[in-house]
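The values are calculated or read from the model by the stated rules, or taken from the named source; none is laboratory data. All figures in this text were calculated on a predicted structure; none of them were measured in a lab. Here Cβ is always computed from backbone atoms with ideal geometry, including for glycine, and neighbour counts include all displayed protein chains. For accessibility, only protein heavy atoms count, side chains too; no ligands or nucleic acids. Shrake-Rupley method; radii C 1.70, N 1.55, O 1.52, S 1.80 Å.
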Amino acid sequence: MTHAAQFRGVSQVFGDFTAVDDIDLTIPDGKLTTLLGPSGCGKTTSLRMLAGYLAPTHGTISIAGVDSTRTPPEKRDLGMVFQSYALFPHMSVAENVGFGLKMRRVPAAERARRVTESLELVGLAHLSASKPKKLSGGQQQRVALARAIAIRPKLLLLDEPLSNLDARLRIQMRAEIRRIQAETGLAVVLVTHDQDEALEMSDEMVLMKDGRIQQQGAPQEVFPAPANRFVAEFLGYENFLTDPGGELTTIRPEHLWLTVGEQAPSASGGSVVSGVVLDLAYRGVDLLVTVAATDASGARVELLADLRAESAPDLTQGTHVWVHVPATHVVPLTGD
Amino acid sequence: MRGRTALLVLPGLAVLLIGFLIPSVAMLFAPPGVSPVEVFDRLGQMLTDPYDQAIVMRTLGLGLIVTVVCIGLGYPIAYLLSRSTSRWAGVLLALAIFPLLLSSVVRTFGWLVVLGSQGAVPQLLLSLGLTDSAPQLLYTPLAIVLGLTQIFLPLAVVASYSALAQVDAGLDEAARGLGANRIRTFWSVVVPLSGPGVVVAATLVFAGAVTAYTTPYLLGGSRQRMLSTQLYTYSSTTIDWAAASATALIMTVLVFAVSGLSGLAARRGATS
Amino acid sequence: MRTRHPIAASLAVLGYIVMLVPILFVVVTAFTAGSTLRFPPEGFSLRWFEAALTYTPFTSSLVSSLILAVISAVLALALGVPVALAIHRGRLPGKALVEGLFLSPLIVPELVVGLALYQQLMVGFGLDNFQTLLFGHTVLMFPYAVRVTGASLALIDPAVEDAARGLGASAGRTFFSITLPLLRPGLFSAALLSFITSFNNVPLSLLLQSRDFRTLPVVMLDYVQQNYDPIVAAISVLILAATVLVAVIAERTVGFARVFGGINR
């Protein structure tokens with residue numbers, strides 16, 4: 001397996017704050033890797049170290065097998081898209097996209113061809129003469145992408161590229177970035193705090209917290225088997241309860257189901273917990289029910305069940321319910 | 001990286017030190033051929049001698065009057081401009097800023113034309129039969145107050161305007177909606193929020209007024225001596241370095257004391 | 001402007017009268033055919049303009065003023081912009097102190113600065129008056145050079161400079177092809193402010209004058225003190241016209257209120 005980039009024992013310390021704490025990370029070639037986590041988890045700091053804007057306090061970073069820890073950004077051949085897009089306001093779209101090629105002394109004719117090629121890839125060839133200010137947010141984003149791609153970088157780095165777009169455009173751009181990644185075959189590193197974005201776009205996802213990597217793997221591996229409570233919470237597992245064996249487990253709201261009745265139902269293929277409805281939130285298709293219950297360790301827990309509204313039992317606040325916890329969906333958690 | 005940053009600062013810092021910081025400190029305490037003791041002796045004399053005391057008091061008094069007048073006229077201008085939606089507001093604002101660009105000699109010269117014995121105001125008073133002979137308006141405290149007000153009013157307008165422009169006009173509307181009338185709204189919302197900015201404006205005006213030279217020189221002459229005209233006389237006519245330094249020291253302390261107090265007041269106002 | 005604030009409006013009108021009316025009187029007087037500052041003027045003529053433009057002390061001091069203002073504005077920018085860069089982009093210990101030092105010429109009375117430079121640099125150190133004036137005027141403009149270009153620098157997204165680096169531009173190349181062009185409005189504002197400040201300065205130029213090198217405002221002050229004719233009104237009108245021209249240039253480029261009022265409307 002070839003590596004597009006590799007972090008070995010990398011830390012970044014600002015005064016008495018450790019932003020990145022001794023991480024080892026391998027970015028696979030030709031794939032889209034996301035760095036995912038809440039703000040302050042060290043994901044952007046890691047990206048900036050990879051791009052060369054920050055020198056690591058400790059550790060080494062290699063790009064395409066070459067130690068690049070001390071290489072300045074202009075010598076790294078990486079394409080970066082900034083959260084603010086960072087388009088040069090005094091240059092036209094074509095000049096923006098051609099800037100990196102100009103720095104590489106690519107002859108004018110060749111430059112023009114590659115600018116057009118990059119702009120066609122993002123569907124903006126017709127706007128090449130415009131100034132960035134005249135473009136919409138989505139268009140500026142595409143120009144920033146074209147500018148990064150035009151230099152044929154070793155890696156494409158995207159720092160929260162979709163966070164400044166409205167919801168509809170964001171969904172559209174996810175597919176667009178995937179398409180561009182597939183067409184160019186580039187290794188892409190994308191920083192985001194949005195788990196849906198990471199799940200939908202990644203070949204590989206890296207979850208971070210407090211400067212450390214919590215879990216890494218393909219979405220299909222990570223999502224069904226979160227390694228610890230932090231990862232589970234971040235991926236939307238709402239319910240945490242101790243099983244009869246004393247281990248902490250989690251289960252997603254849509255896997256719980258509720259019944260009403262005097263008698264405790266049989267707990268085939270799982271367990272049943274008794275509880276009282278605290279709150280109901282009607283969401284059209286779904287009905288979200290918060291239930292106060294007691295788990296096997298005797299601790300009081302609040303469970304969230306996500307039911308199909310049309311098939312849900314008749315519930316009001318204070319209704320006594322049985323919460324069914326199917327064993328097949330229970331995920332055991334390790335560590336903190 | 002750090003070394004390169006220092007290189008950016010050093011040339012400027014060298015010029016700042018030679019062309020300002022070192023001479024300013026050296027001048028206050030050690031003028032050429034004069035010991036620091038002489039400067040402080042002269043300072044002591046000035047603060048006790050009635051003639052010199054009168055000059056300090058005149059400078060202080062006129063400075064305060066000019067400050068009050070400039071805020072009294074400048075704040076309303078800034079308030080009206082900041083709350084106006086008229087197309088003319090921009091032009092009027094520009095008209096208030098423009099005098100800042102114009103030489104103070106030119107501006108003060110205007111008062112010679114207006115107040116001089118053959119000037120517009122005395123001639124008007126004469127022709128209306130209000131006086132028998134052209135009244136002496138030049139070389140009076142009034143002339144200095146008018147001249148300094150003209151010089152520093154634009155500063156008061158600009159500084160008040162910046163403060164008022166930051167007070168969201170929506171707050172006025174909210175206060176009105178909650179039942180406060182226009183006057184109540186002005187005193188309980190607009191004034192407290194723009195207060196710190198007005199303190200800054202007043203400080204700028206006061207510091208300028210007690211150190212200005214052109215206006216007291218042209219409109220006050222030798223009859224209305226102020227600290228600034230005294231300082232020039234000591235340094236260029238009588239060449240009395242100790243007295244010049246002592247005068248400069250009084251002026252500097254005055255300006256720093258007022259700036260310090262207003263800084264304190266603004267901070268107090270901002271936190272309360 | 002119609003208003004529902006009669007008291008404020010009256011005070012405002014009074015304020016505008018004090019600010020502007022004396023200037024109007026200067027303009028009217030400059031065109032008199034008589035030989036005194038009498039009001040109303042006696043007839044119309046341009047004779048005082050001719051007199052002003054042929055009076056050597058005025059013309060030669062005008063040249064001195066322009067030379068001093070241009071050189072010191074260029075110096076202030078050349079020395080001040082790197083300081084602004086260090087404060088806003090560099091890793092500099094004690095940034096606030098450095099900025100405070102460069103703004104400090106604003107808070108010390110100019111007359112005091114003038115006296116200090118006269119005593120220490122001219123009398124004490126033996127510099128000639130032009131060199132001393134150059135020091136004084138340059139230092140006086142540092143606050144504009146550092147703060148105005150600094151404010152303009154703070155508006156430039158640092159990611160734009162990072163982006164240029166990432167695309168292969170060296171630090172120097174990034175400064176000249178990205179930062180400097182984006183800084184142009186700030187530089188222009190600082191240059192205009194500096195020029196005007198130097199050209200109009202009285203306290204420094206007065207204390208640091210010599211027989212060979214005096215600025216126009218100082219010569220005008222002297223003249224007014226000794227003579228009572230409309231020649232100063234004429235030269236004042238010429239300065240007024242030039243100032244209006246500067247204001248128009250400022251408005252056409254960066255915006256008048258932004259340059260001179262520090263006001264973003």
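Which numbered condition in (1) outside any loop (DSSP other than H, G, I, E, B); (2) within 14 Å of chain A (Cβ to nearest Cβ); (3) among the hydrophobic types (A, V, I, L, M, F, W, C); (4) open to solvent by less than 30 Å² (accessible area, probe 1.4 Å) is the only one that C:Ala169 fails? With respect to (1) outside any loop (DSSP other than H, G, I, E, B); (2) within 14 Å of chain A (Cβ to nearest Cβ); (3) among the hydrophobic types (A, V, I, L, M, F, W, C); (4) open to solvent by less than 30 Å² (accessible area, probe 1.4 Å), C:Ala169 is out only on (1). Taking segment C:97-124 as the range and being touching a helix residue (DSSP H, G or I) at 6+ places or on another chain (Cβ under 9 Å) and more than 8 Å from chain B (Cβ to nearest Cβ) as the test, the residues that pass are C:Glu99, C:Leu103, C:Leu106, C:Gly114, C:Met122. For segment B:1-37, filtering for residues that are more than 7 Å from chain C (Cβ to nearest Cβ) and among the aromatic types (Phe, Trp, Tyr) leaves 1.
Within segment A:165-180, one or more residues are open to solvent by less than 10 Å² (accessible area, probe 1.4 Å) and more than 24 Å from A:Gly42 (Cα to Cα). Counting only helices (runs of 4 or more DSSP H) wholly contained in segment C:71-155, the ones carrying 2 or more residues that are open to solvent by 40 Å² or more (accessible area, probe 1.4 Å) and within 20 Å of B:Val9 (Cβ to Cβ) occupy C:95-103, C:129-154.
Table: residues versus (1) touching a Phe, Trp or Tyr at 6+ places or on another chain (Cβ under 9 Å); (2) within 25 Å of C:Phe135 (Cβ to Cβ).
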site	(1), (2)
B:Ile22	no, yes
B:Met27	yes, yes
B:Gly72	no, no
B:Tyr75	no, no
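The residues listed here are B:Asp172, B:Asp132; of these, the one that is more than 28 Å from B:Ser222 (Cα to Cα), modelled with pLDDT under 85 and among the charged types (D, E, K, R) is B:Asp172. Close Cβ contacts (under 6 Å, 6 or more residues apart or on different chains) running from residues in segment A:200-224 that are more than 17 Å from A:Ala19 (Cα to Cα) to residues that are open to solvent by 70 Å² or more (accessible area, probe 1.4 Å) comprise A:Asp203/A:Lys31; A:Glu204/A:Lys31. Does C:Arg47 meet the test of being over 24 Å from B:Tyr213 (Cβ atoms), more than 7 Å from chain B (Cβ to nearest Cβ), free of Cβ contacts under 8 Å to residues at least 60 places away in the same chain and surrounded by 15 or more Cβ atoms within 10 Å (Cβ to Cβ)? Criteria met by C:Arg47.
Restricting attention to segment A:181-217, the residues that are farther than 17 Å from A:Asp159 by Cα and open to solvent by less than 10 Å² (accessible area, probe 1.4 Å) add up to 1.
Within the bounds of segment A:154-164, is there any residue that is in contact with a strand residue (DSSP E or B) (Cβ under 9 Å, 6 or more places away or on another chain), open to solvent by less than 10 Å² (accessible area, probe 1.4 Å) and either away from every other protein chain (no Cβ under 14 Å) or of a type in the set (Gly, Ala, Ser) (or both)? Within segment A:154-164, one or more residues are in contact with a strand residue (DSSP E or B) (Cβ under 9 Å, 6 or more places away or on another chain), open to solvent by less than 10 Å² (accessible area, probe 1.4 Å) and either away from every other protein chain (no Cβ under 14 Å) or of a type in the set (Gly, Ala, Ser) (or both).
Take the conditions modelled with pLDDT under 90 and over 25 Å from A:Ala312 (Cα atoms) and apply them to A:Gly245. Does it pass? When the stated conditions are applied, A:Gly245 passes them. Considered as a group, the residues in segment A:218-245 that are small (Gly, Ala, Ser) and out of contact with any Asp or Glu (no Cβ under 7 Å at 6 or more places or on another chain) include one that is most open to solvent (accessible area, probe 1.4 Å), and that residue is A:Gly245.
So B:Ile97 passes all but one of these: (1) of a type outside the set (Phe, Trp, Tyr); (2) at pLDDT below 90; (3) open to solvent by less than 10 Å² (accessible area, probe 1.4 Å). Which condition number does it fail? It is condition (2) that B:Ile97 fails.
Going residue by residue through segment A:73-95, is there one that turns out to be closer than 28 Å to A:Ala167 by Cβ, away from chain C (no Cβ under 13 Å) and surrounded by 21 or more Cβ atoms within 10 Å (Cβ to Cβ)? Yes, the conditions are met somewhere in segment A:73-95. Looking across segment B:27-53 at every residue that is more than 26 Å from the chain's Cα centre (by Cα) and aliphatic (A, V, I, L, M), the one that is most open to solvent (accessible area, probe 1.4 Å) is identified as B:Val37. All of (1) of a type in the set (Gly, Ala, Ser); (2) more than 7 Å from chain B (Cβ to nearest Cβ); (3) not in a loop (DSSP other than H, G, I, E, B) hold for C:Ser35 with one exception: (3). Of note, C:Ser35 does not satisfy the criterion of being under 14 Å from C:Leu216 (Cα atoms) and in contact (Cβ under 8 Å) with a residue 12 or more places away in the chain.
Look at segment B:192-209: where a residue is within 11 Å of chain C (Cβ to nearest Cβ) and among the β-branched types (Val, Ile, Thr) and a partner is part of a helix (DSSP H, G or I) and open to solvent by less than 50 Å² (accessible area, probe 1.4 Å), sitting 6+ places away or on another chain with Cβ atoms under 7 Å, you get B:Thr203/B:Val258; B:Thr203/B:Ser259; B:Thr203/B:Ser262. Pairs linking a residue in segment B:152-167 that is within 10 Å of chain C (Cβ to nearest Cβ) and in a helix (DSSP H, G or I) to a residue that is among the hydroxyl-bearing types (Ser, Thr, Tyr) and open to solvent by 10 Å² or more (accessible area, probe 1.4 Å), with Cβ atoms under 7 Å and 6 or more positions apart or on different chains, are B:Tyr161/B:Ser82; B:Ala165/B:Ser82. Taking segment B:1-120 as the region of interest, the helices (runs of 4 or more DSSP H) fully inside it that hold 3 or more residues being over 16 Å from B:Gly147 (Cβ atoms) are B:2-16, B:22-29, B:36-48, B:50-83, B:88-97. Of the listed requirements (1) small (Gly, Ala, Ser); (2) crowded, with 21+ Cβ neighbours inside 10 Å; (3) in contact with a strand residue (DSSP E or B) (Cβ under 8 Å, 6 or more places away or on another chain); (4) in contact (Cβ under 8 Å) with a residue 40 or more places away in the chain, A:Gly65 misses just one: (2).
Say whether the condition of being out of contact with any helix residue (DSSP H, G or I) (no Cβ under 6 Å at 6 or more places or on another chain), open to solvent by less than 30 Å² (accessible area, probe 1.4 Å) and not in a helix (DSSP H, G or I) is met by at least one residue in segment C:251-258. Scanning segment C:251-258, I find at least one residue that is out of contact with any helix residue (DSSP H, G or I) (no Cβ under 6 Å at 6 or more places or on another chain), open to solvent by less than 30 Å² (accessible area, probe 1.4 Å) and not in a helix (DSSP H, G or I), so the answer is yes. Residues in segment B:224-254 that are in contact with a helix residue (DSSP H, G or I) (Cβ under 8 Å, 6 or more places away or on another chain) and β-branched (Val, Ile, Thr): B:Thr229, B:Thr247, B:Ile250, B:Thr252. When you scan segment A:212-222, do you find a residue that is in a loop (DSSP other than H, G, I, E, B) and outside the structural domain of A:Asp21 (by TED's automatic domain parsing), even just one? Within segment A:212-222, not a single residue is in a loop (DSSP other than H, G, I, E, B) and outside the structural domain of A:Asp21 (by TED's automatic domain parsing). Put simply, of A:Ser130, A:Ser163 the only residue that is among the small types (Gly, Ala, Ser), farther than 19 Å from A:Leu32 by Cβ and part of a loop (DSSP other than H, G, I, E, B) is A:Ser130.
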